[in-house]
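Heads up, the thing below is written out as structure tokens.
The values are calculated or read from the model by the stated rules, or taken from the named source; none is laboratory data. This is a predicted model, so every value here is computed, not measured. Here the Cβ positions follow ideal geometry from the backbone for every residue, glycine too, while neighbour counts run over all protein chains shown.
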Amino acid sequence: MGMGKWYQAKKEKEFRLSEEAGQAAVLEFLNFYGVELEFARDAEESADKSLDAMRDYYRMGLLENKHDESLGFCVVQHLVSGQTLTYREMKGSDRLAADRFDAKTQLNEKANAILGKLSGLGDDAIMMLMRDDRKAAVLVATVFFFV
């Protein structure tokens with residue numbers, strides 16, 4: 001297969017963690033909340049793709065799990081800018097922030113709402129995220145949708 005005129009050399013991602021360590025971090029996150037891997041039976045392939053992407057964000061050091069005495073089980077997002085967002089442990093009452101949005105048609109609003117609540121920064125801060133920061137955040141939010 002020839003390379004078309006739009007061919008772009010794929011940039012090698014800079015991984016700090018092994019594939020196993022990245023996978024372990026994703027599973028720790030899913031297992032903590034009791035989210036079953038079959039959360040997308042109807043779209044198993046896309047679920048796999050999402051989990052692979054999330055694993056890679058952990059491997060690149062853009063996502064990290066942390067246990068905090070007051071915030072509980074946290075997912076820390078290291079932004080490309082060097083800033084961090086900490087999503088504290090989700091409680092039942094936090095679901096209400098996201099439940100008013102439909103996951104299919106209002107994915108972005110739903111992600112902004114839940115992450116805005118868990119980070120304590122509000123929807124607007126999450127809305128400002130771009131590119132890899134945005135993709136990583138939406139993957140994290142997707143897990144919270146199944147909690």
Q: For residues that are closer than 16 Å to Arg131 by Cβ, under 14 Å from the mean Cα position of the chain (by Cα) and either assigned to a strand (DSSP E or B) or of a type in the set (Ser, Thr, Tyr) (or both), tally how many sit in the stretch 53-86.
A: 5
Q. Can you find a residue in the stretch 103-121 that is touching a Ser or Thr at 6+ places or on another chain (Cβ under 9 Å), surrounded by fewer than 14 Cβ atoms within 10 Å (Cβ to Cβ) and free of Cβ contacts under 8 Å to residues at least 40 places away in the same chain?
A. yes
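Return yes when Gly34 is modelled with pLDDT of 70 or more, over 28 Å from Phe145 (Cα atoms) and small (Gly, Ala, Ser) and no when it is not. Lay out the reasoning, then the answer.
Working: modelled with pLDDT of 70 or more: yes; over 28 Å from Phe145 (Cα atoms): no; small (Gly, Ala, Ser): yes.
So Gly34 fails the test.
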Q.
Within the stretch 64-71, does at least one residue satisfy the condition of being of a type in the set (D, E, K, R), free of Cβ contacts under 8 Å to residues at least 12 places away in the same chain and over 21 Å from Phe29 (Cα atoms)?
A. no
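Name the residue, out of Lys10, Lys49, that is loosely packed, with under 14 Cβ neighbours inside 10 Å, within 19 Å of Asp132 (Cβ to Cβ), modelled with pLDDT under 95 and within 13 Å of the chain's Cα centre (by Cα).
Numbers: Lys10 fails: within 13 Å of the chain's Cα centre (by Cα).
Being loosely packed, with under 14 Cβ neighbours inside 10 Å, within 19 Å of Asp132 (Cβ to Cβ), modelled with pLDDT under 95 and within 13 Å of the chain's Cα centre (by Cα) holds for just one of Lys10, Lys49, which is Lys49.
Hey, could you check the stretch 96-147 for residues that are among the aliphatic types (A, V, I, L, M) and touching a Gly at 6+ places or on another chain (Cβ under 7 Å) and say which is farthest from Lys13 (Cα to Cα)?
Within the stretch 96-147, the first condition is being among the aliphatic types (A, V, I, L, M), and the residues that meet it are 96-98, 103, 107, 111, 113-115, 118, 121, 125-130, 136-141, 143, 147.
Of the ones still in play, those that are also touching a Gly at 6+ places or on another chain (Cβ under 7 Å) are 125-126.
Numbers: Ala125: 26, Ile126: 24 Å.
Out of the qualifying residues, it is Ala125.
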